[in-house]
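K.L.:
Below is one structure. I have some questions about it.
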Amino acid sequence: MILTGKQILEARTQGRIRIDPWRDEQLNPNSYNLRLGDDLAVYTERELDMAKPNGIEFMKIPAEGLLLKPGTLYLGRTLEYTETHGMVPMLEGRSSVGRLGLFVHVTAGFGDIGFCGFWTLEISCIQPVRIYAGVGICQIFYHTVSGDYDSYESGKYQRNSGIQPSMLWKDFIKES
């Protein structure tokens, strides 16, 4: 089941959901809008390798916005920090953003029970589009779970404080 807006608010007061900063006007009937932070990152190499760390460079989105170009993957971050306890958080782009040909996450819209941190957004566009920091770019919604569960405790992305490039390379390290 997906939580309604009223249930999201109730779960927040119970400490099962944390969104910081919280603004009542971002609550929807069954989701909460998350805003784009002012930092972006792009990979410095055109050819990426899953088995090694890939370099990134950071940039700020200026007040006049930043024009995104097709064919480039931009890593962004939500302005809001979130925590989810006992539910599965999911992230989707807002329809108004999608109608501009802007993809907010390539494949990573599924969160784990117990995830705590900022959401790294994998942003790409169909045609050039100007983006602005602070805009409601995506929405988080919550699924209830049935049965026992283990909370997410991975060292890769848990409790992050900024944009997180892929750490898939850590899966290639063999324990001795």
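Residue-by-condition table, conditions (1) under 28 Å from ILE126 (Cα atoms); (2) touching a Gly at 6+ places or on another chain (Cβ under 7 Å):
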residue	(1), (2)
MET1	no, no
GLU10	no, no
PRO29	no, yes
GLY55	yes, no
ALA63	yes, no
LEU75	yes, no
VAL88	no, yes
GLU92	yes, yes
VAL106	yes, no
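K.L.:
Could you tell me how many of the residues in segment 78-111 are open to solvent by 50 Å² or more (accessible area, probe 1.4 Å) and charged (D, E, K, R)?
P.N.:
Initially, segment 78-111 is screened for residues open to solvent by 50 Å² or more (accessible area, probe 1.4 Å), giving 79, 85, 92, 94-96, 99-100, 103, 106-107, 110.
Now drop any that are not charged (D, E, K, R), which leaves 92, 94, 99.
Looking only at that region, the number is 3.
K.L.:
Which ones in segment 10-49 are outside any helix (DSSP H, G or I), polar (S, T, N, Q) and over 22 Å from ASP112 (Cβ atoms)?
P.N.:
If we filter segment 10-49 for residues that are outside any helix (DSSP H, G or I), which is where we start, we get 14-23, 27-49.
Subsequent filtering for residues that are polar (S, T, N, Q) retains 14, 28, 30-31, 33, 44.
Listed by number, the residues that qualify are ASN28, THR44.
K.L.:
Sticking with this one: Looking at (1) at pLDDT 95 or above; (2) within 16 Å of ILE19 (Cβ to Cβ), which is the only condition PRO128 fails?
P.N.:
Going through the list (1) at pLDDT 95 or above; (2) within 16 Å of ILE19 (Cβ to Cβ), PRO128 breaks only (2).
K.L.:
Scanning for something open to solvent by 70 Å² or more (accessible area, probe 1.4 Å), touching a Ser or Thr at 6+ places or on another chain (Cβ under 8 Å) and either modelled with pLDDT of 95 or more or not in a strand (DSSP E or B) (or both), does segment 55-65 turn up at least one residue? Before the answer, list the steps.
P.N.:
Initially, segment 55-65 is screened for residues open to solvent by 70 Å² or more (accessible area, probe 1.4 Å), giving 57-58, 60, 63-64.
Narrowing further to those that are touching a Ser or Thr at 6+ places or on another chain (Cβ under 8 Å): 57.
Then keep just the ones that are either modelled with pLDDT of 95 or more or not in a strand (DSSP E or B) (or both); that gives 57.
So far as segment 55-65 goes, yes, one or more of its residues are open to solvent by 70 Å² or more (accessible area, probe 1.4 Å), touching a Ser or Thr at 6+ places or on another chain (Cβ under 8 Å) and either modelled with pLDDT of 95 or more or not in a strand (DSSP E or B) (or both).
K.L.:
What pairs can you find where one residue is in segment 143-156 and touching a residue at least 60 places away in the same chain (Cβ under 8 Å) and open to solvent by 100 Å² or more (accessible area, probe 1.4 Å), the other is assigned to a loop (DSSP other than H, G, I, E, B) and hydrophobic (A, V, I, L, M, F, W, C), and their Cβ atoms are less than 8 Å apart, with a gap of 6+ or different chains?
P.N.:
TYR149/ILE113
The values are calculated or read from the model by the stated rules, or taken from the named source; none is laboratory data. Because the structure is a prediction, the values reported are computed rather than measured. In this analysis, Cβ positions are derived from the backbone assuming ideal geometry, glycine residues included, and neighbour counts consider all displayed protein chains. Surface areas here come from the heavy atoms of the whole protein model, side chains and all, with no ligands, DNA or RNA. Shrake-Rupley method; radii C 1.70, N 1.55, O 1.52, S 1.80 Å.
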